[in-house]
Amino acid sequence: QGLEVALEGFGWHPSQGSPFLFDSVNLNGIIENGAFTIRSMELRLFDGLIQGVAILRADKQPSMTGEVLFERVNAARLGNAVGVGEKFTGGIFGKLRFSSTADSWATIFSAINAEGNFTVRRGSIRGIDLAEAVRRVSNMSVQGGATQFEQLSGSVNFTPTSYQFNGLILDSGLMRSTGQVEVGKNLEIRGKMVLQMRGTANQTRVPVTISGQLDAPELQVGKN
């Protein structure tokens with residue numbers, strides 16, 4: 001009626017040419033009635049650990065659903081794999097629920113929809129200098145630079161065409177930023193942040209819009 005399955009692998013690519021190279025894969029589950037129910041899995045990917053459960057089906061179209069917890073995933077290596085480059089650094093922690101339906105197993109990962117929450121610890125955002133935007137407080141745009149932070153957290157929604165980050169909270173020493181950002185499939189970025197300097201008698205709150213291409217975003221200060 002079914003098959004109990006235990007799998008272990010090393011140096012595994014999900015498909016030929018895939019940018020995702022898993023250092024190790026360990027999972028166990030059962031195959032029955034056209035479905036593979038993964039009761040537990042442990043994946044080592046991009047210096048981090050991913051654990052969770054999933055169900056894979058192949059009756060009509062290949063599909064999968066599941067939930068994962070992840071910790072210490074290297075943000076720069078993940079960015080390279082998903083095509084946004086090394087715009088972010090730091091260790092990523094969080095939880096995602098995901099689902100995907102595709103024409104073949106080779107394209108299943110590119111069709112993923114996912115939502116959850118995340119925290120990036122001790123990292124940076126390259127190409128965006130929020131501190132300079134606070135110092136400048138003028139109508140001139142700010143480009144280039146980088147923003148170092150102790151922690152960046154928020155919720156995330158991935159679709160095949162966009163990445164949406166909502167409820168963002170960035171803590172960087174005396175600066176705290178809140179807002180939301182969306183990155184489209186063509187790597188066009190748009191978002192709004194409110195920057196606040198702490199530790200002074202008169203706390204400065206500066207609204208900022210983010211626009212342009214992800215490889216060269218532009219900050220416009222003083223616009224809601």
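The values are calculated or read from the model by the stated rules, or taken from the named source; none is laboratory data. On a predicted model such as this, the values are computed, not experimentally measured, just so you know. Cβ placement follows ideal geometry from the backbone for every residue including glycine, while neighbour counts extend to all protein chains displayed. For accessibility, only protein heavy atoms count, side chains too; no ligands or nucleic acids. Shrake-Rupley method; radii C 1.70, N 1.55, O 1.52, S 1.80 Å.
The table for this structure:
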item: Tally of residues being open to solvent by 50 Å² or more (accessible area, probe 1.4 Å) and farther than 17 Å from Arg190 by Cα across the stretch 161-179; result: 3
item: Pairs where the first residue, in the stretch 112-128, is within 13 Å of Leu69 (Cα to Cα) and the second is basic (Lys, Arg) and in a strand (DSSP E or B), C-beta under 9 Å, 6+ apart; result: Ala114/Arg97; Glu115/Arg97; Gly116/Lys95; Gly116/Arg97; Asn117/Lys95; Phe118/Lys95
item: Which listed residue, of Ala102, Ala58, is aliphatic (A, V, I, L, M), closer than 19 Å to Lys185 by Cα and touching a helix residue (DSSP H, G or I) at 6+ places or on another chain (Cβ under 9 Å); result: Ala102
item: Qualifying residue in the stretch 49-68 (condition: aliphatic (A, V, I, L, M), closer than 18 Å to Phe20 by Cα and assigned to a loop (DSSP other than H, G, I, E, B)); result: no
item: Residues of the stretch 24-47 that turn out to be modelled with pLDDT under 95, part of a strand (DSSP E or B) and of a type in the set (Asp, Glu), as a count; result: 1
item: Residues of the stretch 13-27 satisfying the condition of being surrounded by 16 or more Cβ atoms within 10 Å (Cβ to Cβ) and among the hydroxyl-bearing types (Ser, Thr, Tyr); result: none
item: Only one of Ala75, Ala114, Ala102 that is over 16 Å from the mean Cα position of the chain (by Cα) and buried (at least 17 other Cβ atoms within 10 Å of the Cβ); result: Ala102
